Amino acid sequence: LSINNIDEVAPQITSVDYTNPIDENSGEQIVYIAAADDSADISDGVNFSLDENSDQGLNIDATSGEVTLSVNPDYESQPEYNFTVIASDGFNQTEQAVTLAINNMDEVAPTITSGETAYAIDENIYDEVVYQVTAEDFMDISYSDEFHYELRDDQGVFAIDPSLGFVMMIYPADFEEQSD
């Protein structure tokens, strides 16, 4: 009488039960790699799948265990993804719940609140403040009253203090040459 050895021991999931958070708007990507050990019994290898109650937008490679988020993550619409990895050796299976957190990123640019008109200056004057940029940033996650200002000046006539927003003429103004 021969007794057949059957696989009685489920694979043991060896990967951790968490994953590193990812930034929102970071695109489709691999977010987790499942691993399992099935050496406690006879085995033809391990296949991976996701439980049907796992969040939408997640896929797993049955052989490699790579879990891919197939959507662009957006914190405002879904701040985390929950999924359950299943490791199966064909006879037995083990499950592990995993949570993927999405980092909320600052997506809204500050608003410039200063007016559109600079201060009037006398001709032949330079190195005086002609305008001060002010801004606010209330629309997203990180309220800040500290800004870094930059200036686009194709003629190279102005300079800006990057932290205070003061705009200065760096060459003397000449009314007869250019009145504004």
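The values are calculated or read from the model by the stated rules, or taken from the named source; none is laboratory data. Bear in mind the structure is a predicted one, so any value in this text is a computation, not a measurement. Methodologically, a virtual Cβ is constructed for each residue, glycine included, from the backbone with ideal geometry; neighbour enumeration extends over all protein chains shown. Ligands, DNA and RNA are excluded from the accessible area calculation, which covers all protein heavy atoms including side chains. Shrake-Rupley method; radii C 1.70, N 1.55, O 1.52, S 1.80 Å.
Screening segment 17-29 for residues that are open to solvent by less than 90 Å² (accessible area, probe 1.4 Å) and either more than 13 Å from the chain's Cα centre (by Cα) or not polar (S, T, N, Q) (or both) and picking the one that is nearest to VAL85 (Cα to Cα) gives THR19. Is it true that GLU176 is open to solvent by 50 Å² or more (accessible area, probe 1.4 Å), in a loop (DSSP other than H, G, I, E, B), acidic (Asp, Glu) and closer than 30 Å to ASP23 by Cα? Spelling it out, it is not the case that GLU176 is open to solvent by 50 Å² or more (accessible area, probe 1.4 Å), in a loop (DSSP other than H, G, I, E, B), acidic (Asp, Glu) and closer than 30 Å to ASP23 by Cα.
Do you know which residues across segment 54-92 are β-branched (Val, Ile, Thr) and over 15 Å from the mean Cα position of the chain (by Cα)? So that I can check it myself, show each step before the final result.
As a first pass, look at segment 54-92 and keep what is β-branched (Val, Ile, Thr): 60, 63, 67-68, 71, 84-86.
Passing the criteria: ILE60, THR63, VAL67, THR68, THR84, VAL85, ILE86.
Only residues that are assigned to a strand (DSSP E or B) and either within 15 Å of ILE13 (Cα to Cα) or open to solvent by 40 Å² or more (accessible area, probe 1.4 Å) (or both) were counted across segment 31-40, and they come to 4. A count restricted to segment 1-16 and to residues that are surrounded by 12 or more Cβ atoms within 10 Å (Cβ to Cβ) and in contact with a strand residue (DSSP E or B) (Cβ under 7 Å, 6 or more places away or on another chain) stands at 5.
Any idea how many residues of segment 41-87 are open to solvent by 80 Å² or more (accessible area, probe 1.4 Å) and farther than 23 Å from ALA101 by Cβ? Full working, then the answer.
Here is the first cut: in segment 41-87, the residues open to solvent by 80 Å² or more (accessible area, probe 1.4 Å) are 44, 47, 52-53, 56, 59, 63, 72, 75-77, 80.
Subsequent filtering for residues that are farther than 23 Å from ALA101 by Cβ retains 44, 47, 63.
Residues flagged as open to solvent by 80 Å² or more (accessible area, probe 1.4 Å) and farther than 23 Å from ALA101 by Cβ within segment 41-87 amount to 3.
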